[in-house]
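Structure record follows, encoded as structure tokens.
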Amino acid sequence: MSEEPFANVLIRPMKEDDLERIMKIEHASFPTPWSLHAFITELKDNEYARYFCLVMDEQVIGYMGLWFILEEGHITNVALAPEFRGKRLGEFLMRSVMEKMRSEGMERMTLEVRTSNFSAQRLYERLGFVTAGRRKEYYTNNREDALIMWVELDSLEAER
């Protein structure tokens, strides 16, 4: 994928063996975390799912999942272990996966983000995402709205 910012960091496909660590990151990152069963189902049964791990020194420190349907990718989740946030590793993970998906024929990606999650919104904007709409009361835990953001992946090639 992309050139690595640190010699000891890599991105690889997620495996079932990763799920114990993924669940710890998931619970530390989200007020309504996905269940272990949801991740297993995504890995085993969803032909459209692509899940990746960010690994440092052989330890999973983050992950990103998406559904690849036709030429579009819907990002389902992105998270980093709390102690690794703020070091541009999330940006590295996303840029790398976006480039890989573009090279496999994906043309655009979308995601939803909480209206209160300004740091994530800034990251997505750095990656070229633009706000295209709002989902009212999208998050069930507090009825917060979500912003719908999109990026055209051909813009990645133009940045080179």
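Restricting to region 60-113, what's the tally of residues that are touching a Gly at 6+ places or on another chain (Cβ under 8 Å) and among the hydroxyl-bearing types (S, T, Y)?
2
Is it fair to say L89 is surrounded by fewer than 21 Cβ atoms within 10 Å (Cβ to Cβ), touching a residue at least 60 places away in the same chain (Cβ under 8 Å), more than 21 Å from G133 (Cα to Cα) and in contact with a strand residue (DSSP E or B) (Cβ under 7 Å, 6 or more places away or on another chain)?
When the stated conditions are applied, L89 passes them.
Kindly indicate whether Y51 is more than 26 Å from E20 (Cβ to Cβ), of a type in the set (F, W, Y) and under 11 Å from the mean Cα position of the chain (by Cα).
Considered against the rule, which asks whether it is more than 26 Å from E20 (Cβ to Cβ), of a type in the set (F, W, Y) and under 11 Å from the mean Cα position of the chain (by Cα), Y51 comes out as no.
Can you report the number of residues in region 24-42 which are surrounded by fewer than 17 Cβ atoms within 10 Å (Cβ to Cβ) and either at pLDDT 95 or above or more than 15 Å from the chain's Cα centre (by Cα) (or both)?
Looking only at that region, the number is 11.
Taking region 124-154, which residues are free of Cβ contacts under 8 Å to residues at least 60 places away in the same chain, outside any strand (DSSP E or B) and out of contact with any helix residue (DSSP H, G or I) (no Cβ under 9 Å at 6 or more places or on another chain)?
E125, K136, E137, Y138, R143, E144, D145 - these are the residues of region 124-154 that are free of Cβ contacts under 8 Å to residues at least 60 places away in the same chain, outside any strand (DSSP E or B) and out of contact with any helix residue (DSSP H, G or I) (no Cβ under 9 Å at 6 or more places or on another chain).
Cβ-Cβ below 6 Å, separation at least six or inter-chain, first residue in region 35-47 and polar (S, T, N, Q), second assigned to a loop (DSSP other than H, G, I, E, B) and surrounded by 13 or more Cβ atoms within 10 Å (Cβ to Cβ): which pairs?
none
The values are calculated or read from the model by the stated rules, or taken from the named source; none is laboratory data. Just so it is clear, the model here is predicted, and its values are computed rather than measured. Using ideal geometry, Cβ is built from the backbone for each residue, glycine included, and neighbour counts are taken over all protein chains shown.
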